[in-house]
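Shown next, in structure tokens, is the structure this report addresses.
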Amino acid sequence: MPPTITATDHPLEKLTADAVVVAVGKGPDGVLPTPGAEAVDRLLGGRLLPALADLGARGGEDEVTRLPSFGNGPFPVVAVAGLGAPDASGAYSNESLRRAAGAASRALAGRRSVVSLLAAVGGTPDADRLHAVGEGSLLGAYEFTAYKSDLKANRPAPPAEFTVVVPGAAAAENPLRRVRAVADAVALVRDLVNTPPNDLFPAELAARGAAAAEKLGLSTEVLDEEALAAGGYGGILAVGSGSTRKPRLLRLTYSGRGAAKKIALVGKGITFDSGGISIKPSAKMEDMKSDMAGAAAVIATVCLVAQLGLPVEVTATVPIAENLPSGSSYRPADVVTFRNGKKAEITNTDAEGRVVLADAIARAAEDRPDILLETSTLTGAQLVALGSRTAGVMGQENLRDAVIAASKRSGESMWPMPLPTELRRGMDSPVADFVNSTADRFGGMLVGGHFLAEFVPDGLPWAHIDIAGPSYNTGAPWGYTPKGGTGVPVRTLLATIETLIAD
């Protein structure tokens, strides 16, 4: 069962839990206490802050210091989470709180119930601060155990109950309800990304996405290989041709009451990417089970929008295939004809994401949406340019910048990227409209954006979010981010849609 989160305005001394979480900042001479830390310090007879100094706590990001209360409070353990250094005004960002809450959740495995005083940082919290504390707490408590055969009842499981202390707890109910919905959506993405490819093949991903949508009353459509052939989806069929597990196209539609805008979501669903005939090196190929993270994100986002009942129409178009080498695989030098009639010469079968997305974007555009948002683990060049935690965003500039602004509010790191015209010239083909991959390795992330742009109709605002690095954490957990699937960019997609509705 997912963890619960509630709010209370009861005095600290009247609350009971297995642990209490407070925060401190990083100062030049040691920790900087916050109101929550000071309250617990008073409750413990002035012992907390001196103990932190004795233990060498610095208040840095991802630092969590656990101390016993020795029976001096209604909780056996105090977890002190670092916020890092404050800004010039002495304030801490909401993302600092989100990360601190997540780090505390991870550090409190084995403690079932947790009282959090993090919302007290910065005074009376607004909805954004409650979202940050709540999201960090719940996302940090995520774990994926579906394939653990030796799970024991007495294992140190993540916290299952969070209580956030805020003044006027009744007013916090709606923000925390949204927090719960967001955390569920992110967990869905993480679960799908973490599922091994022998169990999450194209038909299964389509079935799971449709099942999640149908629970919320969305309309669903799944095209199998015969329907794809009849519909002219040459790109999806080409990429999926090497696998015995055939491709699918999933369509999910939510029509909110009072909708004034129609938004198209598109997400890449390569359930495993070997590179096809242009095969990848074997090292770390197992990480390619995450190549459907964009698909998982748009599935979860349309479900989240429906759960929140937003006044908007959203359709997710999800191309799904498995890219494997075999005697029936598509080849370098093949020419693929897409749904909109354009043709691409295949120069690299490992540049397959853009090939399936071309069909999906063409289909999504037929609905005449007002906005098109696409996300995909499209290029390794994204990691070269921006690292493993920052996504690159391309497309129509106003919408691109709106996505960046939404990412800052949501806490998902993104950076605006250009689409230089000279890179498009490198895509010219002597036999088709363009090639799917250029020989020049420079600007690879941007070339991928140019390829997708070929399938966006003139006048349709669109944005492409390359999440090759941020969607899958191959390193150690940090903040509220676990190892494996992260759930990026669900929170940014939601924040973008909410901004578009408000405009």
- Among Ser278, Ser290, Ser282, Ser274, the single one that is buried (at least 19 other Cβ atoms within 10 Å of the Cβ), out of contact with any strand residue (DSSP E or B) (no Cβ under 9 Å at 6 or more places or on another chain) and either in contact (Cβ under 8 Å) with a residue 12 or more places away in the chain or among the hydroxyl-bearing types (Ser, Thr, Tyr) (or both) is Ser278
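Going by the structure shown, is Leu357 within 15 Å of Pro489 (Cβ to Cβ), modelled with pLDDT of 95 or more and either hydrophobic (A, V, I, L, M, F, W, C) or surrounded by fewer than 24 Cβ atoms within 10 Å (Cβ to Cβ) (or both)? Even if it seems obvious, please write down each step before you answer.
Values: within 15 Å of Pro489 (Cβ to Cβ): no; modelled with pLDDT of 95 or more: yes; either hydrophobic (A, V, I, L, M, F, W, C) or surrounded by fewer than 24 Cβ atoms within 10 Å (Cβ to Cβ) (or both): yes.
No.
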- Note on the structure: When Glu221 is run through (1) in contact with a Lys or Arg (Cβ under 7 Å, 6 or more places away or on another chain); (2) not in a strand (DSSP E or B), the failure sits at (2)
- Item | Tyr147, sole failed condition from (1) more than 20 Å from the chain's Cα centre (by Cα); (2) surrounded by 15 or more Cβ atoms within 10 Å (Cβ to Cβ) | (2)
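Results for (1) within 22 Å of Gly269 (Cα to Cα); (2) touching a residue at least 40 places away in the same chain (Cβ under 8 Å); (3) outside the structural domain of Lys343 (by TED's automatic domain parsing), shown as yes or no for each residue.
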site	(1), (2), (3)
Ser410	no, yes, no
Leu419	no, no, no
Ser429	no, yes, no
Ala439	no, yes, no
Phe442	no, no, no
Gly449	yes, yes, no
Phe455	yes, yes, no
Pro482	yes, yes, no
- Filtering region 230-249 down to residues that are more than 19 Å from Ile346 (Cα to Cα) and either assigned to a helix (DSSP H, G or I) or not assigned by TED's automatic domain parsing to the domain that holds Phe451 (or both) yields Ala230, Gly231
- Taking Ala227 as meeting all but one of (1) free of Cβ contacts under 8 Å to residues at least 60 places away in the same chain; (2) of a type outside the set (Val, Ile, Thr); (3) surrounded by 23 or more Cβ atoms within 10 Å (Cβ to Cβ), write down the number of the exception. (3)
- Could you tell me which numbered condition Tyr92 fails, if it satisfies all but one of (1) out of contact with any Lys or Arg (no Cβ under 9 Å at 6 or more places or on another chain); (2) closer than 18 Å to Val179 by Cβ? (2)
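So if I check each of Ser96, Ser113, which one is buried (at least 16 other Cβ atoms within 10 Å of the Cβ), within 30 Å of Ser413 (Cβ to Cβ), modelled with pLDDT of 95 or more and among the hydroxyl-bearing types (Ser, Thr, Tyr)? Walk me through how you get there before you give the answer.
Details: Ser113 fails: within 30 Å of Ser413 (Cβ to Cβ).
After ruling out the rest, the residue left standing is Ser96.
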- Message: Scan region 482-496 and tell me whether some residue there is over 18 Å from Gly102 (Cα atoms) and not in a helix (DSSP H, G or I).
- Response: no
- Item | Unique residue being touching a strand residue (DSSP E or B) at 6+ places or on another chain (Cβ under 6 Å) and buried (at least 23 other Cβ atoms within 10 Å of the Cβ) when the list is Val335, Val318 | Val318
- The condition of being outside the structural domain of Asn436 (by TED's automatic domain parsing) and not in a loop (DSSP other than H, G, I, E, B) holds, among Glu226, Glu173, only for Glu173
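For every residue, the table says whether it meets (1) assigned to a strand (DSSP E or B); (2) under 18 Å from Val193 (Cα atoms).
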| position | (1), (2) |
| --- | --- |
| Ser429 | no, no |
| Arg441 | no, no |
| His450 | no, no |
| Phe455 | no, no |
| His464 | yes, no |
| Gly469 | no, yes |
- Item | Any strands (runs of 3 or more DSSP E) falling wholly within region 20-95 and containing at least 1 residues that are among the β-branched types (Val, Ile, Thr), out of contact with any strand residue (DSSP E or B) (no Cβ under 7 Å at 6 or more places or on another chain) and over 30 Å from Thr492 (Cβ atoms) | none
- Query: List pairs: first in region 345-365 and under 19 Å from Glu221 (Cβ atoms), second among the acidic types (Asp, Glu) and buried (at least 24 other Cβ atoms within 10 Å of the Cβ), Cβ under 7 Å, 6+ apart or cross-chain?
  - Reply: Leu357/Glu374; Ile361/Glu374
- Note on the structure: Checked region 393-446 for anything surrounded by fewer than 14 Cβ atoms within 10 Å (Cβ to Cβ), of a type in the set (Asp, Glu) and more than 19 Å from Ala351 (Cα to Cα); matches are Glu397, Glu422
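Here's the yes/no breakdown for (1) closer than 15 Å to Val22 by Cβ; (2) among the β-branched types (Val, Ile, Thr):
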site: Gly59; (1), (2): yes, no
site: Asp62; (1), (2): no, no
site: Thr65; (1), (2): yes, yes
site: Gly73; (1), (2): yes, no
site: Leu97; (1), (2): yes, no
site: Arg112; (1), (2): no, no
site: Val121; (1), (2): yes, yes
site: Leu139; (1), (2): no, no
- Query: Which residue pairs have Cβ atoms closer than 7 Å, lie 6 or more positions apart in sequence or on different chains, and pair a first residue in region 149-162 that is assigned by TED's automatic domain parsing to the domain that holds Gly110 and among the basic types (Lys, Arg) with a second residue that is exposed (fewer than 10 other Cβ atoms within 10 Å of the Cβ) and part of a loop (DSSP other than H, G, I, E, B)?
  - Reply: none
- Query: Of the residues in region 304-352, how many are out of contact with any Lys or Arg (no Cβ under 6 Å at 6 or more places or on another chain) and not in a loop (DSSP other than H, G, I, E, B)?
  - Reply: 16
- Item | Residue list for region 151-198, restricted to those being of a type in the set (Asp, Glu) and more than 21 Å from Leu494 (Cβ to Cβ) | Glu161
- Scan region 299-325 residue by residue and report those that are farther than 15 Å from Leu192 by Cα and of a type in the set (Ser, Thr, Tyr). Thr315, Thr317
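Quick check on region 1-19: of everything there that is more than 21 Å from Ala170 (Cα to Cα) and surrounded by 14 or more Cβ atoms within 10 Å (Cβ to Cβ), which residue is farthest from the chain's Cα centre (by Cα)? Steps first, answer last, please.
Pass one, region 1-19, residues more than 21 Å from Ala170 (Cα to Cα): 1-2, 18-19.
Within this subset, residues satisfying the condition of being surrounded by 14 or more Cβ atoms within 10 Å (Cβ to Cβ) are 18-19.
Numbers: Asp18: 30, Ala19: 28 Å.
Filtering first and then ranking leaves Asp18.
The values are calculated or read from the model by the stated rules, or taken from the named source; none is laboratory data. Just so it is clear, the structure is predicted and the values come from calculations on it, not from any experiment. Here Cβ is always computed from backbone atoms with ideal geometry, including for glycine, and neighbour counts include all displayed protein chains.
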